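The values are calculated or read from the model by the stated rules, or taken from the named source; none is laboratory data. The model shown is predicted, which means the values in this text are computed figures rather than measured ones. Counting neighbours? That spans all protein chains shown, and the Cβs are built from the backbone with ideal geometry, glycine included. Just the protein is used for accessible areas: all its heavy atoms, side chains included, with ligands, DNA and RNA removed. Shrake-Rupley method; radii C 1.70, N 1.55, O 1.52, S 1.80 Å.
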Amino acid sequence: MAWDEWEQLKNQAAHKQSARMQLNQLPADGGGGSTPQGDLTVDQKDLAAIGDRAFKLWEDLGRYGRDAWSSSQTAASDLKTQGFTLGGAVDRVQSRWEEQLTSLLDACAHISNHMDFTKKVHQGDEYYIGGQISSISTLDKGFDGGKGH
């Protein structure tokens, strides 16, 4: 294939690709459907469920995540003693597993603790108005359309 032919094929492919490219975007009027802009909301039950699941995962990983450690170490040691290179590989896999397990345990603990903290910090973010519970976003709406604005 000659160089000129190669360049021609590249140009044709680039032209076809650019002709089909389409960017997804919102209409110029800023619309995006009938869904109004809103606050991200979560209730105490949601936070508690996330925290509980993270804690359960942390417990289970801590309990069962190291079940194969002893047998893996024994196998690695035996293989190394017999001169098999595979022994070092098994040892490395076990070490890497331990690193990853520790990282995952730390992440689960962090999520669980953060959910507990978030629940406590935001416990007072809901207010009773006229016998009904009202969230911050509901209170904000009252100020947005009120008199004097």
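Which residue pairs have Cβ atoms under 8 Å apart, sit 6 or more places apart or on different chains, and have a first residue in the range 56-77 that is over 20 Å from Leu105 (Cα atoms) and open to solvent by less than 90 Å² (accessible area, probe 1.4 Å) and a second that is assigned to a helix (DSSP H, G or I) and of a type in the set (A, V, I, L, M)?
Ser72/Val90; Ser72/Val93; Ala75/Val90; Ala76/Val90
Could you list all residues from the range 82-92 that are open to solvent by 100 Å² or more (accessible area, probe 1.4 Å) and out of contact with any Leu (no Cβ under 7 Å at 6 or more places or on another chain)?
Result: Gln82, Phe84, Thr85, Arg92.
Residue check: is Ser112 touching a residue at least 60 places away in the same chain (Cβ under 8 Å) and in contact with a Phe, Trp or Tyr (Cβ under 9 Å, 6 or more places away or on another chain)?
Yes: the conditions hold for Ser112.
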